[in-house]
Amino acid sequence: MATDIKAPTFPESVAEGSVAAWHKKPGDSVERDELIVEIETDKVVLEVVAPEAGTLSEVLVEEGDTVQSEQVLGKIGAGSTKGAEKKSEKADAKAAPQSEAKAAPAAGGKSHEVKAPTFPESIQEGTVATWHKKVGEAVKRDDVLADIETDKVVLEVVAPADGALAEIKVEEGSQVASEAVLAIFTEGAGGADTTADTTPAASADDGSGDERIGDKILAPAARKMVAEHDLDVSKIEGTGKGGRILKEDVQRAVQAGTAKKSAAPAAAPKQAATAAPAFEGERPEKRVPMSRLRQTIAKRLVQAQQTAAMLTTYNEVDMGAVMDLRAQYKDTFQKAHDVKLGFMGFFVKAASEALKRFPDVNASIDGTDIVYHGYQDIGVAVSTDRGLVVPVLRDTDSMKIADVEKGIVDFGKRARDGKLGIEEMQGGTFTITNGGIFGSLMSTPILNPPQTAILGMHKIQERPMAVNGKVEIRPMMYLALSYDHRMIDGKDAVQFLVTIKELLEDPARLLLDV
C-alpha cells in the first residue's frame, strides 16, 4: 500500500510554499526520515522526510510548483528486493576499503599553525564557539575546523590542506584575539581509530544520508536536530530499525532534557578537565556562559530603554487587499522573478514611502545632533538559534518588490547559517520586525539605536469588523510603532503608522505614489 508524502503544516502567517528541490527520483529507494524534498516559503525552507521506508513510486508536484499546507507531494511504495541487493553490494564494497584504512599507518607531513581570522576594526576579540574536528581526525582541505563567535557574526576557520589536527591550543569557550594561533595542523595525518569512528555506516552508503556516531546510527533529520541542540548522541535511545535514531527520538530527548552534554568528548582530554559537572539531585541546574552575540543584544536593548524616551502607538490593518493581490499574481510573479511574493515586500515598500513623507522617523540621534538621512535603509529582524540579527536592505525606495523578497530570502538563509557579513548588519535608518511568524498577536518592539523608530508586524487573524455598516469577517493584523519621543512627536508617529495602513489597504497607492 502506497504511503503519501505530505507537505509540512505551515505557520499561520505562511499561506503557501513552493517545491525547491527533489532529492530523490521515482524508483529510488528511501529510508524512514530520509530527506526527500525541500519546500521553500517566504520565511524559511522546510524539509520533508520519508514517513516510511520504501521506494519513491510517484512524484505529484514538480520543482517550482506551488503547494499548500499538508498537500500530498508524492507516494512511497514498498521497497524492492533488487534495491536491497544493491545496498548489500555497496555495503560489501565499502567494507573492504574501510578495513584497509584501519590497517594503514598514519602519515605525517608539513605542519601549519591554524590561526583565527583577521577581525574587522570594530571587533576586538572573539570566542571559540565550537571545534568541529578532534585531534587526529582526518579532514579535507577547506573543511570547517572551528567556529569563532564575535558579538556580530560567526567566523569559520577552515583546514589549510588535507590532513589532521595535531594539537588544539585554545579550547571551546576561550577568548581569542585577531590572528591568534588556535591549533597545529599536520598535512597528510589522520589516526586510524578516528577514521573508523567517523566513517558512515556501510548500510547507509546507498545515499540515504545516515551517519554513524560511535555505536549510534542517525537519520539525516535526527542528525541535524542533534547538531542544532548540541546533544550527546550516546544518551539518546533509537526506536528505528536496528536501533536507528529518528527525528522523533531526538524531539523526545529535547523535551525531556535527558541528552544534554554534561562533559566534553573523551578524545579531547583538555576539554574534559574544564567540563561542567553532571547534574545531581532532584532540582538540577546548569550554568552556561552567555554567548557574545547574546551579550551584545542584551547590552543594546538595555541601552535603548535607558537612553530613549520610548513610546509605542498601535493600529490595525486589513490585509485583505494584499492577500488578494498575492493570490492573483503569485504564479506570474514567481515565474518572472524566481522568488515567492511574500508580505514583507509590501511592508518594506510601504515603510519606504512613509519614511519619505515623515523624515523625522527616518532620522537618527548622534549625541546632541539629529542626522537626517536622504535615503531609506531598512533593517529586517531575523531570528536565529544564536539570537536576533538585523541585516539591512539598502536604498529600499529604489528597490522593486521582487528585489526586496530576494534580499530577505537570502538574508534569512545566510543568517541561520551564520554567513552574514558585518557590513550587512551595520547602518540602517529604520527597522521592521515580524513577530507574527511565531504567532504573536500584539507586542511592543524595542528600538534599534541610533534609529528612532521600529515597526512591529504581527499574525494575521480573522476578526469581525464593521464595514459599511455591516459586520464582515476580515483578515486583520495589529501594527505597532515604537518611537523615540525625544525626536518624534506623537502626531508624526501616529500619522506615519496611518500612512502605512492606508498604503497596505490600497496597494495601488504604492504604484501610483499617492
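The values are calculated or read from the model by the stated rules, or taken from the named source; none is laboratory data. It should be emphasised that the depicted structure is a prediction, and the values quoted were computed from it without experimental measurement. For neighbour counting, all protein chains shown are included, and Cβ atoms are generated from backbone atoms with ideal geometry for every residue, glycine included.
General observations
- Counting only helices (runs of 4 or more DSSP H) wholly contained in the range 159-275, the ones carrying 2 or more residues that are modelled with pLDDT under 70 occupy 192-198, 220-229, 269-273.
- Sub-6 Å Cβ pairs linking a first residue in the range 153-182 that is at positive phi to a second residue that is assigned to a loop (DSSP other than H, G, I, E, B) and β-branched (V, I, T), at least 6 apart or interchain, are E179/T118, ordered by first then second residue.
- Boolean, T332 is at pLDDT 90 or above and either touching a Lys or Arg at 6+ places or on another chain (Cβ under 9 Å) or not in a helix (DSSP H, G or I) (or both): no
- Residue match in the range 86-108 (condition: at pLDDT 65 or above and either buried (at least 18 other Cβ atoms within 10 Å of the Cβ) or in a loop (DSSP other than H, G, I, E, B) (or both)): no
- Here is the figure for the range 132-152: residues that are farther than 18 Å from D385 by Cβ and either without any contact (Cβ under 8 Å) to a residue 60 or more places away in the chain or assigned to a strand (DSSP E or B) (or both) total 9.
- Cβ-Cβ contacts under 9 Å between residues 6 or more apart (or on different chains), taken from a first residue in the range 355-383 that is assigned by TED's automatic domain parsing to the domain that holds Q426 to a second residue that is among the charged types (D, E, K, R) and in a strand (DSSP E or B), are listed as I365/D484.
- Being more than 30 Å from L155 (Cα to Cα), in the same structural domain as K349 (by TED's automatic domain parsing), surrounded by fewer than 18 Cβ atoms within 10 Å (Cβ to Cβ) and touching a residue at least 24 places away in the same chain (Cβ under 8 Å) is not true of M457.
- Residue-level check: of (1) buried (at least 16 other Cβ atoms within 10 Å of the Cβ); (2) of a type outside the set (F, W, Y); (3) in contact (Cβ under 8 Å) with a residue 12 or more places away in the chain, D403 misses just (3).
- Which numbered condition P26 fails, given (1) at pLDDT 65 or above; (2) outside any loop (DSSP other than H, G, I, E, B); (3) not charged (D, E, K, R): (2)
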